[in-house]
Each structure stands twice: as structure tokens, then as C-alpha cells.
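Structure, as C-alpha cells:
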Amino acid sequence: MDIFLTALAASLSWQALLGTFFGALVGLIFGAIPGLTYSMALAMVLPITFSMSHTAAIAMLLGTYIGGMTGGAVSAILIGVPGTPSAAATVLDGEVMAKQGKASIAIGIATIAGCVGGILSLIVMLVSVDALARVAISFGPAEITALVVFGLSTICGLAGGSLVKGLIGGVIGLMLMNIGQDPIDGVPRFTFGTTAMLQGVDLLVAMIGLFAVPHVVTVFATYWRGKEMRIEAGNVRTELPSWRLLLSQRWNFLRSAAIGTVVGAIPGTGGPIAAFLAYDQAKRWSKHPETFGKGEVSGVVAPEASNHAVTGGAMIPLIGLGIPGDPATAIILGGLLIHGIQPGPLLFMEKPDVIMSIYLLFVLAYVVTALIQLFGVRAFVKALRVPPHLMAVGILVMCVIGSFAIRNSLFDVGVMGLVGFVAYWLIKGGIPATPILLGLVLGPTLEREARTAMIMSEGSPAVFVESYTALLFWALALVILGSQLITMMRSRNQGSKKAAA
Amino acid sequence: MAADRARDLLTGTLLFVIALVWIGFILTTIPDSPGSPSSARTFPLASGIALAVLSAVLLAGAIFRTSPLQAKKAAPALDALDWRGIAATFGFLAVYILLLKLTGFLIGTVVALAAFLYLMLGKRSPWLLIGYPVGFAVAVWLILGKLLAVYLPQGELINLF
Amino acid sequence: MRLTRTTATTFRLFGAAAAAGLLLSLPSPAHAEFPEKTIEMTTLFGGPAQTISQVLADLMSKNIGQPVITVSRPGGGGAIGYTFLQSAAPDGYSIVFSSNSISTVYYQGNLPFNYSALAPVAQIGMEVPVLAVRADSGWKDLKALQDAGKASGKKLRVGVSGLGTFTHLASAALFNRLGLQVVYIPYGEGRAPAELLGGRIDAALQWASQFAPHVKAGTINVLCMTSKEKVDLPVDTVTCDSAGAKGLDLTIWRGIHAPKDTPPAVIAKLEASIKQAVESPDFKKAGDNLGFSPLFKSAKDFGAMVAENDKEIGELMTELGINKKKK
């Protein structure tokens, strides 16, 4: 109890509160701008924490991490371009809700879903950090390969009209990520012998091109056609979701948070896969799956609860074992180490007060982020009153800045434009954008893990089916693919019957 | 439905050709490592073949389609204004990248934005033409560049600040 | 890993927009002394190396009179950042946080020039990888591992950061000396402890700090370090040289390089600033916490060391059959 009170006092000191607030604010801004991510925000605030007390430093790092995760939803909802890859699934229903004039509800519920998901994941972490850390360790390259394939199987649910076109999208995503240096033995691929091309296609750069550029082209064409939809000032309501609405989502909250926590705990996977899995599951469990993609609230809650639960999940191997699962947690680890805090099993015994303050600051970061976001809703939705064609020019500028800032390279800006060009034609050709993004996100992980597994097994493919965990995910992927095929067959039969009649 | 079918025929053919070029490129430029089960070639090759097969299925579906498979409305063909949208977007990007390379963020953004508003969107109000580009560029420069220390492009010829 | 530029100065964030306005540098007289504007330190990788570069930049800012900022230019195993620097203006405002990667990436055939296309400024430290095994393997020293490996007749599975990277080369040099058959499993940095604890690999060669909490918890044993001389590390261990791998001496150097024709006076100024930063207690403390050994070498000594190290790496890669520059 003493420990708890000391930690509580430290966490509520003005330094910690200020650190959390600035961290969350910086994180929100970075998260909301496509291309700028929480990893960048963390790298940026890290030197600032060098001279702080360890509590304030942890507060600032966690605030930045969590604010960054939350910010991604804002641009996903308002302009249909995800601020971070983790928020890509939020676009599906969030953007539609904004077009229906419900942007503030969407942002509100996304914020609350994130906060609930994050805190649920912390509770899971509190009770089972040891057990889940063991689970995390049991995931080797073969198991992660199976998990990624399971993640890719959600393309089935996202493909919309045609499974073939959805799969084509996924494959094109995979192909784009093959350009550049091979991840295992550094062989250049499709570089035409140039050094610049070794950078390859960066995931964030491709994501911006994929979502933002086709959107901007369409806005301009619509404007010249004289059909631009103006949202009048009166139509932008700033109401927040009701308690009733929130309560109706309780199972969705729990399910999505559970998915996010587990996926987050597995090193090397992360937010996007958790968000898409949660979205897919929400749709499967829903009584009215046909409303998904048409402004369904559950379609915003699921990915946001899930990708925020990833933050708690990712803390499990970080705190429990000292193993960072992604670039963001690697930076947090650096920040802890600099202050002489070495996460790992011993930290629980040697410095329980530090562990306690990490937990408390984690909750604090969520509360502060949610408050900033909920107060900010009014300002965010005002952005919708800017005429779309003027907004579109601004979006283009921000896309250029965002894709430049990722690696400080103008090459990336060019790639962003090129991917956007290709994406525009693909979308015109009926290939949906979301499966392309899944391919982009999961492609590099799939290749790296599958090839590592093959090297480990010295070439025997049996490695992929040797563990129960891997078998489970293969089976789940097969079930999803199978059920999709059956549904398609049925609807085709019905279609031809109708045509015959 | 005719437009839908024509669209699938075109998409399928194009993607099939791209897949073949892709595969050919892999076979000529990426070294194989004989003896090992997976190499730098494996994944690109697998995705290339997958694209070839899938686009062939799409083509076949479009050729042999007798009954409307989906009740989805066909996308209208591109008209002149769509082309104008494409030209405007990519023209802007090309000019803007060039300006950033030569003159850095502040000058590049103000000039590119103002020119776009005047030439492409036909804006004539001096308030908008000066206020929007300058306000936007300065706001981004101050908040992102100075306050949050995001690295903004530096010009090769001239640089403000 | 994609990270962006970070400031070395703490006041920027808190200073709000008003302070930001004051930061605009005024036009300076023509013959002002170096440095008269912000110095950009290009970094090539994320993770612990980036944190060290940020600490260094922070300390340099305090003594050189202008902000030193880190700008991340990752990709191509470092090739992108080195290429950027090689073509940057040789005025001292562009420097790179370099390492042995300049040699490995060159011999891999991904960099058209080698270390001699850049001017050495100073060495700032070194990192010594250690060989770790699971505690329940029962291998208490290198000899036990060698015996077990020979007795089983199976290939040993060893985790490295990536094929052709420094940890791969060091492992290969080690296990060739031990006469063991090895499969090298490449995965990103930081996953070594997880893979080791999960039982999927038999040994891993990585930075000591990653293993420190597990060594304390008694789940991982560290057998030896790859340097010839014993250095202070977060985990105490012997040198591989003394434990049976005679003559093994491979450490990663970290330093600062500038473009080729940077004026000597400017390099001297940077060198002095780096010396002061590296030898400060703050840097020592950060190094201890991150498992990094600060070590200052002057431009001349550093240059000689890099040249010698480059030759060794080239020979090692030829031996392993992954030297693409070998005619």
C-alpha cells in the first residue's frame, strides 16, 4: 500500500502531469498527421526526457505513445486518410460517419473506445504479465507467419463485392513492399542499380499515397463538376456519443481489447493487424453485418479499442522481459534505460515502485489523452467547414511534408505520388484500397518471418505446422476463407436463380 | 453491366501484363541462390505468380460472365474533368517537389499553393490568394518545424531562415 | 524503423511559439567562426545506436555554441545515409554518426564507395557483443558449448541481427575458430533474448545490455565477449580469446565522419567538441545504462583504426563468401 501511495503521489506531481500533457499533445499532433507517427514523436521527445526525473520521463514517453495512437483516428475520420497504419481500419466506417454529419460522434466514440481498450489491456497486463510474457515468447517466426496469414484472411471480409479483386489488392500491396533491399540477405530488388532505390517503398509513404491522393483527385474533379458537397455550418453538430450507445458496444469493447492485447504482446506484429482482426470479428458477430462500411459505429469502436489495447499488450514483453516489440517501444526502452531502469523480471522485485508508477502513468496518459481529444472535438470538426477543394490542397501539402519527414528524403515524396497514381487507377478499376493496405502492412513481416522460419528449419516447411499455436492460426484462416467461399457460392446460386426467373 | 464488364476486361489484361513483366524482371535481375529453399527471389516471384493467376481469373470471369454477378453499379467512365483532376493533382505534386528541392519549405509552399489557387482553382480574391498560402505555410513551419522540430525540406538554391 | 529529426535542445518544446520566433537565425557576418548555424548529424539506424547519437548531439550542443540535431536517414543498411553525406556540402554542418556498417555495406555491394570517401572526425565509443545461451542448456563456458556442439553432430542455431551484418561476421569468426557447424538465424535487433528464451535458437551474439536483466534473473548465461581486451559491460564475462577462440578481436566502433573535403580547422573544432562530450560524466553514465563503452580517438587515430578494421572485415567477408567487391 505504501508503494501504491508513493507511486500515486509521484504520478500526480506537477512534473508528471505536465509531462503527460505535453507528451499527449505532441503525440496527438504527430498521430493526426499522416506520415508523422508516434515513433517519430517518441524519438523527438526522448532527448527532452534525459534531464527529467524518471517519473516525469516515463510520463512524457507514455503520454506521447498513447496520444500518438489516438491521434490517428482523427484524420481517418475527418479526411479519410489514416494518421497511422493502425487507424486504417477506422477509415472504413469513420469516414462514412463524417460524411453523414456524425464526425463528432465518430471521434468521440473512437476516443472513448481507445481509452477503454487501453485501460482494459492494462488490467490484463496487471493480472497476467507473467503468463502473457510466456505466450509472447512462444511466438517464433513460424507462429508469427501463421498469425500474419490469419490477418491477411480478413481481406475476405473487406473485399466487398469481389473476392478476386480483394485478393488482387492484397497481392499488389505485397509486391510494392518487395521493392528495395531484401530484408534477409540485403540483395537489392527492383532498384535498377541505384542506391536511392535501396530505400524501397516505405509503408507510411505508400499508405499516404494510397489513401490521400485518389481522394484529392476526386475532390478536384467533383469541384469542377460543380457538385461539391458543402457541409453547412449548421450541419456539423458537435455532440458526443450517448451512454446508451456506449453501453450497446460493451461486448465489442471487450472482444476488441482482448484481440489487441494479445496481438500487442507478440513481438513484431502490432496495431494494424489487431485493428483489422477486431474489425473483422465485430462484423462477424454483428446482427447486421451489412451496415459495416456504411457508417456503423461498431466499425469505429472495434479497430480503435483494439489498436489502443495493443499499447498495453506491447508493454507486457517490454516490462516483463525487457523486449521491445516494435520501434516505438524500443524508444521507450531507451528512455527507461537512460534513467537506469532496466525492465525485466527483476524490476518487479527490485523496484516495485517504478512498476507501480508505470501502471499509474499509463492510466493517467489515457485519461489526459481522452480529455484533450474530447475537448478538441469541437475544433476538429470545424475543419469540415473548410470547402473540400481548399482542404484538398492543404492535404496535399501535408502529405508531402509527412512523407518527407519519415526518412527526410525527397525520394519518398516522389514514391508517395507514384503510389497515389497507381492507386487511383486501381481504385477506378474496381480494386478496393483496404486490402492493398493490408498487403503493404503485413507483406514485409510475412516475408521476414517465413524466411527466417525456413532458415531455422534448414529448409523444411514442416516448421510451419509443428506447434499448436501455428496450427490454430492456420485453421482460423482456413475457416474464414472457407466461410467466405460458401457465402459467395450461395449468393451466386441465388443470383442465377433470380436471373432464370 | 456492360461498363462493369469492360472495366474488368481492361483491369484484368493490364494487371496480367504487369505480372508477366514483373516475373520477367525478377528472373533477369534478382540472383537465385541455388540449394536454399527460399531466397530473395521467392516472395516477389510468388506474388508475381499470384497476381498473374488472379488477374487471369478476373479476365475469365469477365469474358464468360453471363449473369450479373454483383448488383454493383458500374463506375462511370472518366470524363474530361476527371482528367483535369488527375493533371491538377500530379502536376501540383511535381511542381511542388521541384520547388521544395530548390527553394525549401517556406518559399516552395507559398509559391506552389498560391499558383495552384490562382491557376487551377480560379481563385481571384487577394485575401485568399495571399492569406491561405502564407498563413498555412507559416503555421506549419512554426508549429511543426520550430516547435515540434519536424525536419522540413531545405532548399538547394535559396533558403529562408 | 522510421524516426525523424529530433532536437537536442530541451527548451524548444516548452518555449512555445514566441521562443520559436527568437530562434530565427539572423544573417551573420561573412567571416564568422564555425559553427554559425545548426549542425546536422545524420543517423542511420534506430534503437540503442540512435539513443546514443541523441545523447552525443545533446552534449555537443552544450559546448559548441550551436544546436546539434540528429536527422534520421535510414535504409539500405546505412547506404542511404552514407550516400547523402558523401554528396553533402563539406562545410562541417553535415556529419554522420558512423560505424562498421560503412565497411559491411560496402563489401555487400550496396555502397559504391568505401570509408575513404569520407573524412574521419573522431571515434566516440565502441560496443562489444557477447555470446549468450539459455541457462538450462547447462553450458557454463565456451568449452562446454564447443564440446556439446561437437558431440551432438548437429548444427548449432545462432541468432544474429541479419546476414552480412556485423554480428553475423563476429559470430562466424568465433565459430570458425571453435570448429563448429552453425546455422545463422537472422532477425531484427532486440529479438535475441525472446528467441533464446523461447528455445528456438541455441545461442545469440548481441549487445550485452539486452541480456542483462535475464542474466540477473538466472535464465540466460553469457559466455564471452568478442573483444581482445576485457571491457566493462552490463554483464560480467571473460573474453572469447581467453575462453578458447584464440585471437578473436571484433568490436563495433562508433564515430563521426564528415564529407571528404571538410576544412581541417572545422574538423578540429568538431573533434574538440566531441572530445569534451565523450569524456563528460554524463556520457559515461548514459553509456553505462545503455551498455555502450565511451572511447575517444582523435581524427588521425580514428582514421587509421577504421582503415585497419575495414581490411579485416573485407577479409572476413571473403572468407564467408559474401564479399561482393572481391574481384
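A:LEU240 versus A:ILE123, label points 7 Å from Cα toward the beta carbon: distance in nm?
2.0
Less than 15 Å apart at the alpha-carbon level, and either on another chain or at least 8 residues along: which aspartates and glutamates does that give for C:LYS284?
C:ASP58, C:GLU127, C:ASP232
Calculate the mean, over all residues of peptide A:211-218, of how many other protein chain Cβ atoms lie within 10 angstrom of the residue's Cβ.
On the way: counts 0, 1, 4, 3, 1, 5, 9, 3.
Per-residue shielding by partner chains comes out at 3.
According to the square roots a ≥ b ≥ c of the eigenvalues of the Cα gyration tensor, what is the shape class of the protein assembly as shown, taking rounded for a/c under 1.5, prolate for a/b larger than b/c otherwise, and oblate for the remainder?
On the way: a/c = 1.43, a/b = 1.24, b/c = 1.15.
It comes out rounded by the Cα gyration axes.
On a straight-distance basis, which aspartates and glutamates could pair with C:LYS300 in a cross-link, Cα separation under 12 angstrom, same-chain partners fewer than 8 positions away excluded?
In chain and number order, the partners are C:GLU271.
May I ask you to list the aspartates and glutamates whose Cα is less than 14 Å away from that of C:LYS311, ignoring any residue fewer than eight positions away on the same chain?
Straight-distance partners of C:LYS311: C:ASP249, C:GLU319.
What does the C-alpha gyration tensor say about the overall shape of region C:219-323? Classify as rounded when a/c is under 1.5, otherwise prolate if a/b is larger than b/c, or oblate. Kindly include the intermediate steps, with their values, before the conclusion.
On the way: a/c = 2.81, a/b = 1.29, b/c = 2.17.
The shape class here is oblate.
Quantify how strongly other chains surround peptide C:204-216 by giving the mean number of their Cβ atoms within 10 Å of each of its Cβ atoms. Show your work: numbers first, answer last.
Numbers: counts 0, 0, 0, 0, 0, 4, 5, 2, 5, 10, 6, 2, 7.
For peptide C:204-216, the averaged partner shielding equals 3.
Please rank C:TYR115, C:TYR107, fewest neighbouring Cβ atoms within 10 Å first, as an exposure proxy. Working shown, then result.
On the way: C:TYR115 20, C:TYR107 23.
Starting with the residue having the fewest Cβ neighbours, the order is C:TYR115, C:TYR107.
Whole Å is fine, so just give me how far the alpha carbon centre of region C:205-264 lies from that of region A:316-350.
Rounded to whole Å, the Cα centres lie 21 Å apart.
Once you place label points 7 Å from the Cα toward the Cβ at C:GLN66 and C:LYS260, how far apart are they in nm?
Spacing of the two 7 Å Cα→Cβ label points: 2.4 nm.
Measure nothing fancy, just the Cα-based angle from helix B:42-64's long axis to the longest principal axis of chain B, in degrees from 0 to 90, nearest 10.
70
Put a dot 7 Å past each Cα toward the Cβ at B:LYS101 and C:LYS154; how far apart are the dots in nm?
Going from the C:LYS154 label point to the B:LYS101 one covers 5.5 nm.
Going by how many other Cβ atoms sit within 10 Å of their own, how do A:ASP2, B:ASP82 line up, fewest first?
Numbers: A:ASP2 7, B:ASP82 20.
Ranking A:ASP2, B:ASP82 by Cβ neighbours within 10 Å, fewest first, gives A:ASP2, B:ASP82.
Helix by helix, which DSSP H runs in chain A go 18 Å or more along their axis at the Cα atoms and have an average Kyte-Doolittle hydropathy of 0.0 or more? Mind showing how you got there, number by number?
Values: long enough: A:14-32 (27 Å, 1.63); A:54-78 (36 Å, 1.30); A:103-138 (41 Å, 1.98); A:163-178 (23 Å, 1.71); A:203-224 (32 Å, 1.86); A:250-265 (23 Å, 0.57); A:271-285 (21 Å, -0.09); A:298-321 (34 Å, 0.88); A:352-382 (45 Å, 1.67); A:388-407 (29 Å, 1.77); A:410-428 (28 Å, 1.64); A:433-456 (35 Å, 0.80); A:468-500 (47 Å, 0.53).
Helices meeting the criterion: A:14-32, A:54-78, A:103-138, A:163-178, A:203-224, A:250-265, A:298-321, A:352-382, A:388-407, A:410-428, A:433-456, A:468-500.
Which of the GluC sites (Glu not before Pro) across region C:235-321 are loop residues per DSSP, with 16 or fewer other Cβ within 10 Å? If you can, show how the numbers build up before the last one.
Numbers: sites: C:GLU271, C:GLU279, C:GLU308, C:GLU312, C:GLU315, C:GLU319; in loops: C:GLU279.
Sparse-neighbourhood loop GluC sites (Glu not before Pro): C:GLU279.
Under 13 Å from the Cβ of A:ALA257, count the other residues' Cβ atoms, weight Lys and Arg +1, Asp and Glu -1, and hand me the total.
Numbers: positive: A:ARG250, A:ARG255; negative: A:GLU304.
With Lys, Arg at +1 and Asp, Glu at -1, the neighbours total +1.
For each pair in C:LYS143/C:LYS228; A:LYS227/B:LYS123; B:LYS101/C:LYS275, compute the distance between the two Cα atoms and list the pairs where it is over 27 Å.
Values: C:LYS143/C:LYS228 17 Å; A:LYS227/B:LYS123 17 Å; B:LYS101/C:LYS275 35 Å.
Too far apart for the 27 Å limit: B:LYS101/C:LYS275.
Please give the peptides A:258-264, B:50-56, C:206-212 ranked by average Cβ packing (other Cβ atoms within 10 Å per residue), highest first, as a rough proxy for protection.
Numbers: A:258-264: 28.0, B:50-56: 20.3, C:206-212: 25.0.
Final packing ranking: A:258-264, C:206-212, B:50-56.
Please determine, in degrees from 0 to 90 and to the nearest 10, the orientation of helix B:2-29 with respect to the longest principal axis defined by the Cα atoms of chain B, where the helix direction is its Cα long axis.
Computed tilt is about 90 degrees.
Within the protein assembly as shown, which cysteines find no other Cys whose Cβ is under 4.7 angstrom from their own?
A:CYS115, A:CYS156, A:CYS399
Would you work out if region C:132-203 is rounded, prolate or oblate? Take a ≥ b ≥ c from the square roots of the eigenvalues of the alpha-carbon gyration tensor; rounded if a/c is under 1.5, else prolate when a/b is larger than b/c, oblate otherwise. List each step's numbers first, then the result.
Details: a/c = 1.92, a/b = 1.21, b/c = 1.59.
Oblate shape, in that a/c is at least 1.5 and b/c is the bigger or equal ratio.
Neighbouring Cβ atoms within 10 Å as the yardstick, rank B:LEU27, B:LEU147 fewest first.
Numbers: B:LEU27 12, B:LEU147 21.
Neighbour counts put them in this order, fewest first: B:LEU27, B:LEU147.
Give me the percent relative contact order of region B:80-147, please, defined on Cα pairs under 8 angstrom at least 6 residues apart. Before the final figure, lay out the partial values.
Values: 35 pairs, mean separation 18.3, N = 68.
Taking the mean separation of contacting Cα pairs over the length of region B:80-147, I get 27 percent.
Let me confirm one metric for peptide A:189-201, namely the mean number of other chain beta-carbon atoms within 10 Å of its residues' beta-carbons. Show your work: numbers first, answer last.
Details: counts 8, 6, 3, 2, 2, 2, 12, 6, 2, 10, 6, 2, 0.
For this peptide, the per-residue mean of nearby foreign Cβ atoms is 5.
What percentages make up the Cα-Cα pair-distance distribution of region A:2-495 when the bins are 20 Å wide from 0?
Each 20 Å bin holds this share of Cα pairs: 24, 59, 17, 0.
The numbers here are math on the coordinates, done by the rules we state, and not lab data. The shown structure was predicted, so the numbers you read here are calculated from the model rather than taken from an experiment. As a convention, Cβ positions derive from the backbone with ideal geometry for all residues, glycine included, and neighbour counts pool all protein chains shown.
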